[in-house]
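Reviewing the structure listed below.
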Amino acid sequence: MICVEGVSHSIGKTEILHDISVEIPKGKVTALVGPNGAGKSTLLSLIGRLMPLQSGRISVDGADTVQTPSRDLARLMAILSQTNTLGSRLRVRELVAFGRWPHHQGRPTAEDVQQVNDALVALDLIALGDRFLEALSGGQRQRAFIAMALAQGADWLLLDEPLAALDMAFARRIMAQLVTLRAAGRSVVVVVHDINHAAVWADHIVAMKAGRIAAEGPPQAVCTSKVLGDIYGMDLRVTEIDGKPLVLHHL
Amino acid sequence: MDRRLTALTGALVVACAAYLFWGLGPRWQFILGLRAPKLAGMLLVGAAIAVATMVFQTLCRNRVLTPQIMGFDALYILMQTALVAGLGVGGYAGLSLSAKFGIEVVFMTLAALMLFGTLLGRGTQDIARLVLTGVIFGVMFRSFSGFLARIIDPNAFAVVQAASFASFTAIEPALLPVTGALCIGTIGVALWMAPRLDVLALGQPIAVSLGLAHDRLVIVALIMVAVLVSVATALVGPIAFFGLLVSGLAHELTGSARHARLLPMAILVGCLMLVIGQTLFERFLGLQSTLSVVIEFAGGVFFLWLLLKGRMR
Ligand SMILES: Nc1ncnc2c1ncn2[C@@H]1O[C@H](COP(=O)(O)OP(=O)(O)O)[C@@H](O)[C@H]1O
Ligand SMILES: [Mg+2]
């Protein structure tokens, strides 16, 4: 379980997260949704200790993210942020191989090579393995970064808008992949832009608005025209297909 | 070992031998005694600038910046001027060379940490702001040392002037032991940390996610850069673009992003350029002190080329 207690965060004089407390269940796929600027990336970065925690407390499976050595946390959770700028010119396989760093610290074993290969297969990157990242499309590059996070083999996978640059086939495939990971006993927190991906694939949804938690619960509870309409400030129609909510946000 | 590394190592040995033994003449003991420290100095400077540049470029995830472009060498000269100003020309000359150098390196490191630590620690994505900050710092440091030198004493001005021009022929042999020890030690640490530098190059978010002690490594890397730039500047004076040439060539020649291969390659390239260049200019063209000018010119042209090609990263 990820436990966020009383977390506020300010940049300069503006407070962007206001006293957030939330629990993210273990062994589930949790979707983090909300309008642009709601603070999703900020919250995820704080959980993933990418930014210093200003107030409150965050723990992942009981490990306090401030107290626990970063190296131990790296085996507990992998976080992929929204934008990634590399300083070196890498091939896809080299990038994915870095995912194993927390396990081998520079001396990869056969097991590490195998894990990297599995991650490449999972994201259909074998054919692109020897290409340089800058010679890839945005979506292909995104897949390489996801593969790296996957190769890290951590119990928790935190992904910030992994579907951003992906076509619909890969978007669905990645969501399905995350569900497979859950079946393998891992837990996933994913920021998604398209509410319907959350509605169909997630077990649990946390909705944010203006730096606060606006709603949380199973998709059936959160994806209603009342709740989502309030959060996004628009009129929404919601229907149901195969027992899953379908939000008609484009109508 | 890589074939290119082996070939370059061989070339460096030959170049060093050529520099030492070519045209020795009858007074060979005397001549060798003059040449050997100069050669040692060039090797130290080549290696120091190569490693400083590679580590710095990893730190700011960019292949166009060098510590010198960011004003590190100007900072070193400011330290030196402040020392002259504080102690007076007499006191300055009275200090033992290693004490003087030690004080300068410590101050330089502290100042670099204060000025650049926060800027680089945040893993800034904004290259334009980074470059601009560096240029402004550079100009500020240079004018401030000029100002200091003038208000204290006209003699001090001459001392500072002498330190502000690069020359590969004016290497002070007495400085070699202390700079050599520092330089070799620092480069050893850099090589030992090579795998971690690879991770650092992935940027702050990924490096932290992989469990690297990111902020601590940034500080260590910054200290290494400060020490190496101090060594190089103390020995030959400020050279801005040489490191850029070295890192550009090292990247071309290795075609790998691994520091364990990049750093040795850069060291070899840096040393080779200096030794061959100096041999050519000194023995064949009879020009003692123009190498730095030519290297600066070539490096400057390369810098422009990088900028125009849009290879900011
Ligand atoms: N560096 C920054 N300086 C000032 N405000 C920022 C900065 N980064 C993010 N913000 C603000 O913080 C809020 C939350 O941002 P973010 O967590 O990225 O939102 P989300 O990921 O939900 O779209 C936004 O209103 C954004 O404008
Ligand atoms: Mg975001």
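The values are calculated or read from the model by the stated rules, or taken from the named source; none is laboratory data. Predicted model only: the values in this text are computed from it and were never measured. Here the Cβ positions follow ideal geometry from the backbone for every residue, glycine too, while neighbour counts run over all protein chains shown. The area values use the complete protein model at the heavy-atom level, side chains included, leaving out ligands, DNA and RNA. Shrake-Rupley method; radii C 1.70, N 1.55, O 1.52, S 1.80 Å.
Residues checked against (1) in a helix (DSSP H, G or I); (2) open to solvent by 40 Å² or more (accessible area, probe 1.4 Å); (3) among the β-branched types (V, I, T):
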| residue | (1), (2), (3) |
| --- | --- |
| B:V14 | yes, yes, yes |
| B:A18 | yes, no, no |
| B:P26 | no, yes, no |
| B:F30 | yes, yes, no |
| B:R35 | yes, no, no |
| B:L39 | yes, no, no |
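The residue list A:S21, A:S81, A:S59 contains one member that is within 16 Å of ligand 2 (Cβ to nearest atom) and either closer than 26 Å to A:A202 by Cβ or of a type in the set (F, W, Y) (or both), which is A:S81. Applying a threshold of 6 Å to beta carbon distances and a minimum spacing of six or more residues, or different chains, the list of pairs starting in the range B:6-23 at a residue that is without any contact (Cβ under 8 Å) to a residue 40 or more places away in the chain and ending at one that is assigned to a helix (DSSP H, G or I) reads B:L20/B:R35. Checked against the criterion of being modelled with pLDDT under 90 and open to solvent by less than 10 Å² (accessible area, probe 1.4 Å), the range B:246-258 contains not a single residue that satisfies it.
Confirm whether A:R49 is more than 16 Å from ligand 2 (Cβ to nearest atom), of a type in the set (K, R) and open to solvent by 50 Å² or more (accessible area, probe 1.4 Å). When the stated conditions are applied, A:R49 does not pass them. Suppose the filter is out of contact with any Phe, Trp or Tyr (no Cβ under 6 Å at 6 or more places or on another chain) and within 21 Å of A:I79 (Cβ to Cβ); does A:P108 pass it? The answer is no for A:P108. Taken together, A:A184, A:A165 contain a single residue that is within 16 Å of ligand 2 (Cβ to nearest atom) and modelled with pLDDT under 90, which is A:A165. For A:L246, the conditions (1) under 23 Å from A:L46 (Cα atoms); (2) surrounded by fewer than 21 Cβ atoms within 10 Å (Cβ to Cβ) all hold with the exception of (1).
Only a single item in (1) within 16 Å of ligand 2 (Cβ to nearest atom); (2) touching a helix residue (DSSP H, G or I) at 6+ places or on another chain (Cβ under 8 Å) is not met by A:Q142, and it is number (2).
Quick check: anything in the range A:125-133 within 14 Å of chain B (Cβ to nearest Cβ), within 16 Å of ligand 2 (Cβ to nearest atom), charged (D, E, K, R) and closer than 27 Å to A:A74 by Cβ? Checked against the condition, which is being within 14 Å of chain B (Cβ to nearest Cβ), within 16 Å of ligand 2 (Cβ to nearest atom), charged (D, E, K, R) and closer than 27 Å to A:A74 by Cβ, the range A:125-133 yields no hits at all. Of the helices (runs of 4 or more DSSP H) that lie entirely inside the range A:171-251, those containing 2 or more residues that are within 16 Å of ligand 1 (Cβ to nearest atom), within 20 Å of A:L158 (Cβ to Cβ) and in contact (Cβ under 8 Å) with a residue 12 or more places away in the chain span A:195-201.
Read through the list (1) away from ligand 2 (no atom under 16 Å from the Cβ); (2) more than 19 Å from A:L178 (Cβ to Cβ); (3) surrounded by 17 or more Cβ atoms within 10 Å (Cβ to Cβ); (4) within 8 Å of chain B (Cβ to nearest Cβ), then give the number of the only condition that A:D72 fails. Answer for A:D72: the failing condition is (3). Collect the residues in the range A:147-162 that are open to solvent by less than 20 Å² (accessible area, probe 1.4 Å), away from ligand 2 (no atom under 16 Å from the Cβ), closer than 21 Å to A:L43 by Cβ and more than 10 Å from chain B (Cβ to nearest Cβ), keeping them in residue-number order. Within the range A:147-162, A:W156, A:L157 meet the criteria. Taking the range B:187-208 as the range and being within 21 Å of the chain's Cα centre (by Cα) and small (G, A, S) as the test, the residues that pass are B:G188, B:A190, B:A194, B:A201. Against the numbered list (1) in a helix (DSSP H, G or I); (2) open to solvent by less than 10 Å² (accessible area, probe 1.4 Å); (3) more than 14 Å from ligand 2 (Cβ to nearest atom), A:V4 comes up short only at (1).
Take B:V229 and tell me if it is under 27 Å from B:L110 (Cβ atoms), within 11 Å of chain A (Cβ to nearest Cβ) and touching a residue at least 12 places away in the same chain (Cβ under 8 Å). For B:V229, the condition - under 27 Å from B:L110 (Cβ atoms), within 11 Å of chain A (Cβ to nearest Cβ) and touching a residue at least 12 places away in the same chain (Cβ under 8 Å) - is not met.
Scan the range A:78-115 for residues that are closer than 28 Å to A:L46 by Cβ, more than 7 Å from every other protein chain (Cβ to nearest Cβ) and hydroxyl-bearing (S, T, Y) and report the count. Of the residues in the range A:78-115, 1 are closer than 28 Å to A:L46 by Cβ, more than 7 Å from every other protein chain (Cβ to nearest Cβ) and hydroxyl-bearing (S, T, Y).
Within the range B:118-138, can you find the residues that are surrounded by 15 or more Cβ atoms within 10 Å (Cβ to Cβ) and at pLDDT 70 or above?
Selection gives B:L130, B:V131, B:T133, B:G134, B:F137, B:G138.
In the set A:S187, A:S225, which member is of a type in the set (S, T, N, Q) and within 21 Å of A:L44 (Cα to Cα)? Let's see the steps before the verdict.
Values: A:S225 fails: within 21 Å of A:L44 (Cα to Cα).
A:S187 is the lone residue from the list that is of a type in the set (S, T, N, Q) and within 21 Å of A:L44 (Cα to Cα).
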